[in-house]
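The values are calculated or read from the model by the stated rules, or taken from the named source; none is laboratory data. Everything numeric here is computed off the predicted structure, so don't read it as measured data. Cβ placement follows ideal geometry from the backbone for every residue including glycine, while neighbour counts extend to all protein chains displayed. Accessible surface is based on the protein model in full, side chains and every heavy atom, while ligands, DNA and RNA are left aside. Shrake-Rupley method; radii C 1.70, N 1.55, O 1.52, S 1.80 Å.
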Amino acid sequence: MLIAAAVAVAVFAGTASASQRPRLTGIHKIRHIVVIMQENRSFDSYFGTYPGATGIPKNVCVPDPNHGGCQRPYHDHRAVNLGGPHDHIDAVKDVNAGSMNGFIGQAEVGRRVWCTKHIDSGACSLAPKKPDVMGYHDWHELPNYWSYARHFVLQDHMFQADASWSLPGHLYMLSGWSARCSQRGNPMSCVSAVQDPGSPPGEPQNTTGAVPDYAWTDLTYLLHRDNVSWRYYVFKGMQPDCDDSAMFCKAVPQDAKTPGIWNPLPFFETVSQDRQLENVAPFNDFLVAAHAGKLPAVSWLAPAQAVSDHPPASIRRGQTYVTGVINAIMRSKDWSSTAILLAWDDWGGFYDSVKPPKVDAQGYGLRVPALVISPYAKRGYIDHQVLSSDAYLKFIEDDFLHGARLNPRTDGRPDSRPDVRENVKILGDLRNDFNFAQRPRRPLLLSLHPKFS
């Protein structure tokens, strides 16, 4: 009797406790945010002909300064592309004061640089004979990406947070800033660095072997402080490294234990100080967590070269990887409370038609493809708001951190950042892409190997 009574009391207490939990509303229905960051494609190169989107203008023709005349955008059916150089100076010259017509010239410069550096090796044969930066893909080559756009949300004014290459882009994705710090361990010694925040040892642009020190504050500091779970998952493989106007460069190994341009968190002082290095984890751990229905509150996924869409990787392999990730989430019991934010980190030298708005000395950069996939995402919605990866930070902060910002005046860890990117007036709000009053949408499971037209 005593045991039965104790069990009854415990059951009643548990039921009462559950009934007293606050009902989740609005953005807080999202308990898992998964950021999938792919590589090096412009919006127009993937969705420039998508119906209803701000895409490729009629009669556009970009000049070819070396061969004369101009080239119009064309449908490129090939799965392997070469793109163009994509560091800060290339972004400036591609945009060309808003004319958006420097792409072919910069791609040709990139070829000359590559051939000059490898004149004796025969490697120049790998460089493109003719730039393909004016080529675009559509549903024939990207059926799954276009299916996600039709069923969920396509964002057609997502810009790089900075006008530069992968490493600064990933730093912005995680911290809202790219900087270089003159004094190790001193966040107030950091100054904005749109191009060279300090690369990991072993990479060509690191000529001294110095270990970079990212001393300013990143989002994981706020997440850890508020006991919000997070993981940064890294796909084991190779990672390219181009930040010197070269079109191709040496690939270096990467995994969860190897900091790199796509895996910069281990160089953030906050991650070490908070003893969170184990949260940088192998990609397979993500699949295990999804299968078990135990996704962390915030996940970031970094690909390896082969599945990244980064030229010269096949876009078919990249789409297969992304589809596999999304299918794993959709099969998980966590699907009903998840928002997937899929984007590409920079434009990769490919043509885009929309002049980037200017927010400060470092950004924005060029437009990139971006999708929101969730049971609460609006169906077939095209979001025309001006966005960047700063909007991802803002969404995470609004959902899990009570609207706290990476603001040195309020976040408890001062640094010298010049502005609070999440609060820039021009920045849109991802909540506009959701209808939290709707019945949660069913999964859209797609083939890993769709037929290509």
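Tyr221: modelled with pLDDT of 95 or more, crowded, with 18+ Cβ neighbours inside 10 Å and part of a strand (DSSP E or B), yes or no? Here the answer is no, as Tyr221 does not meet what is asked. Scoring Val325 on the criteria (1) touching a His at 6+ places or on another chain (Cβ under 8 Å); (2) under 21 Å from Leu174 (Cα atoms); (3) β-branched (Val, Ile, Thr) leaves a single failure, condition (1).
Of all residues in region 59-98, those satisfying the criterion of being within 20 Å of Thr49 (Cα to Cα) and of a type in the set (Gly, Ala, Ser) are Ala79, Gly83. Being over 29 Å from Leu142 (Cβ atoms) and open to solvent by 10 Å² or more (accessible area, probe 1.4 Å) is a property that Pro259 has. State whether one or more residues within region 331-340 are open to solvent by less than 10 Å² (accessible area, probe 1.4 Å), touching a Leu at 6+ places or on another chain (Cβ under 7 Å) and of a type in the set (A, V, I, L, M, F, W, C). So far as region 331-340 goes, no, none of its residues is open to solvent by less than 10 Å² (accessible area, probe 1.4 Å), touching a Leu at 6+ places or on another chain (Cβ under 7 Å) and of a type in the set (A, V, I, L, M, F, W, C).
Taken together, Gly363, Gly428, Gly403 contain a single residue that is surrounded by fewer than 15 Cβ atoms within 10 Å (Cβ to Cβ) and not aromatic (Phe, Trp, Tyr), which is Gly403.
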